[in-house]
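Participant: One structure coming up, written as C-alpha cells, with questions to follow.
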C-alpha cells in the first residue's frame, strides 16, 4: 500500500524552513522511508527545535499529517496510518545541551543514537541504561516515544525512572519542556511520563535529559537451566527474595534460546540468565548464593554477545520467522506464570510454535508465535484467544505481525479504559490531529 497526498506546492515553504537540501522529494528515498507500507509525500530534516516548531505550525495551519521518524527500529504499534503528508526526521537534532559527569547527568538531542550516547558517557566510566534494540540506529527520541527497554531495566529501572527532562513541540507548533537538569526535580507537571510511550501522537520530542550511572567495571553472567517454566519462575522468586542485586534477570524459553549465540546455553531447557556486577569477591558471593542450578558462567566477549542478542530479540525473531506475531506484555509479577501457561496452551491448541524471553523480575515478556504447521488463520485465532485471557492489570502490544493479519493487530491490543482522558490530552496538545493521525483510535 502506498499513499501520497501532499501537493507539491507546499514543499517551497518547507524548504524555506529547513533549507533546500533538507527537504526530500526523491521518490526512491521516500519509498524506502515507508511507515507500515505507507509512503510519505515529502520528508524534512529540521536542525533545531525552532525549525521543528515552524514545520508543525505550518502543517497545523494547512492540515498536513506529520509523522516523526528516528531510526526506524519500531513501527508496528497501533493502526496503519491512512496517509503521511510530511515525514519529519530527527536525525539533525544531535547537539549536547549539557553534560556533567560529576553530577551524572546529560542533556542530548532527540536524533542522537543510543550507541553514540553510550559511547560518549562510556568514555567517562558512565552508563546510559537505555539498552534499546539496534542501538546504532535507535535514537533518543525514538526510545522515549516507543518506551522500549531491554534487560537493564531490571537493575536500573525503566525510562521513566531516569529521564529527568524533556523538550518537545506540540502539534500546533508550541515549544514546551518538562523537568530540568538536576535529578531531584519536582517542579511542574511530569511531561516526561506523559510523552514516554506516546508514539509521537501528542508532540515531537526534540531533546531529553537523563540521569546516568557508574558503569560496572566487571560483570559476569550466570545461567541456570530448568525442565519447565514453573521451575524457572520459582528460581526467579528465590533470587528476588535473596540479598542479591543483579543488573539483569531474564527468562528464556528453549525456542528463544535457540536464537541466542551458541543456540542457548543450558541445552533444551528453560533458562534464567542473571548478570551480576562487582569485584571477584562479590561475584563469588553470587556463585555461592545461586547454588547448584548454575550450569554455566559467561564473561568477556561471549557475555557481551549474549546480552546484545537479548536486546535485539524483538528484531531478530521477525527476521527468522517473518510469519510470526511478536507481543510485548507488561504484567504483575504474580501473573507471569499464569500468562506463560496461557501462551503455551493457545500455542499447542492452534499448532503454533512459541518463543518467550523477558525481564521477569519486573513483569515484562516478549512472546513470539508462528505457525509450526497450518495457516496464518490459526495465528489470528490464537492471539485473539490469548488476548481474551489476559489478566485485568496486564497490557499487550503488537510489535510485529505479518502484513496479511495487520488489520487485526489493533484489535489484539488490550483496550485502555481511560479513553476520555486520552482524548482530552490529544485535543490539548494536537488540536487538529496532525501527529500520527489514526495510529490510535482516540
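The values are calculated or read from the model by the stated rules, or taken from the named source; none is laboratory data. Since this is a predicted model, take the numbers as computed values, not measurements. Note: ideal-geometry Cβ built from the backbone for every residue, glycine included; neighbour counts use all protein chains shown.
Participant: Being touching a strand residue (DSSP E or B) at 6+ places or on another chain (Cβ under 6 Å) and at pLDDT 90 or above, is that true of even one residue in the stretch 335-343?
Facilitator: Here is the first cut: in the stretch 335-343, the ones touching a strand residue (DSSP E or B) at 6+ places or on another chain (Cβ under 6 Å) are 343.
Still in the list and also at pLDDT 90 or above: 343.
Checking the stretch 335-343: at least one residue is touching a strand residue (DSSP E or B) at 6+ places or on another chain (Cβ under 6 Å) and at pLDDT 90 or above.
Participant: Further question on the same structure: Taking helices (runs of 4 or more DSSP H) that fall entirely within the stretch 276-388, which contain at least 3 residues that are over 21 Å from residue 152 (Cα atoms) and within 20 Å of the chain's Cα centre (by Cα)? Give the derivation first.
Facilitator: Numbers: elements: 280-290, 300-311, 313-320, 336-349, 376-388.
Per the criteria, 313-320.
Participant: At pLDDT below 85 and surrounded by fewer than 16 Cβ atoms within 10 Å (Cβ to Cβ), is that true of residue 48?
Facilitator: On the way: at pLDDT below 85: no; surrounded by fewer than 16 Cβ atoms within 10 Å (Cβ to Cβ): yes.
Here the answer is no, as residue 48 does not meet what is asked.
Participant: With the checklist (1) touching a strand residue (DSSP E or B) at 6+ places or on another chain (Cβ under 8 Å); (2) in contact (Cβ under 8 Å) with a residue 40 or more places away in the chain; (3) surrounded by fewer than 21 Cβ atoms within 10 Å (Cβ to Cβ) in hand, flag the one item residue 106 doesn't pass.
Facilitator: The one condition residue 106 does not meet is (3).
Participant: Within the stretch 143-158, does at least one residue satisfy the condition of being surrounded by fewer than 22 Cβ atoms within 10 Å (Cβ to Cβ), in contact with a helix residue (DSSP H, G or I) (Cβ under 8 Å, 6 or more places away or on another chain) and within 24 Å of residue 84 (Cβ to Cβ)?
Facilitator: yes
Participant: Out of all the residues in the stretch 17-55, which are in a loop (DSSP other than H, G, I, E, B), in contact with a strand residue (DSSP E or B) (Cβ under 7 Å, 6 or more places away or on another chain) and over 21 Å from residue 199 (Cα atoms)?
Facilitator: 25
Participant: Something else now. Give the stretch 56-72 a look and list any residue that's out of contact with any strand residue (DSSP E or B) (no Cβ under 6 Å at 6 or more places or on another chain) and surrounded by 22 or more Cβ atoms within 10 Å (Cβ to Cβ), or say none. So that I can check it myself, show each step before the final result.
Facilitator: The initial filter retains those residues of the stretch 56-72 that are out of contact with any strand residue (DSSP E or B) (no Cβ under 6 Å at 6 or more places or on another chain), namely 57-58, 60-63, 65, 72.
Residue satisfying the conditions is 65 alone.
Participant: Within the stretch 360-397, which residues are in contact with a helix residue (DSSP H, G or I) (Cβ under 8 Å, 6 or more places away or on another chain), over 22 Å from residue 229 (Cα atoms) and at pLDDT below 85? Give the steps one after another, and end with the answer.
Facilitator: Within the stretch 360-397, the subset in contact with a helix residue (DSSP H, G or I) (Cβ under 8 Å, 6 or more places away or on another chain) is 360-371, 376, 379-380, 382-387, 389-391, 393-394, 396.
Pick out the ones that are also over 22 Å from residue 229 (Cα atoms) and you get 376, 379-380, 384.
Of everything in the stretch 360-397, those that are in contact with a helix residue (DSSP H, G or I) (Cβ under 8 Å, 6 or more places away or on another chain), over 22 Å from residue 229 (Cα atoms) and at pLDDT below 85 turn out to be 376, 380, 384.
Participant: Assuming residue 288 fulfils every condition listed in (1) outside the structural domain of residue 391 (by TED's automatic domain parsing); (2) surrounded by 15 or more Cβ atoms within 10 Å (Cβ to Cβ) apart from one, which condition is it?
Facilitator: The failed condition is (2).
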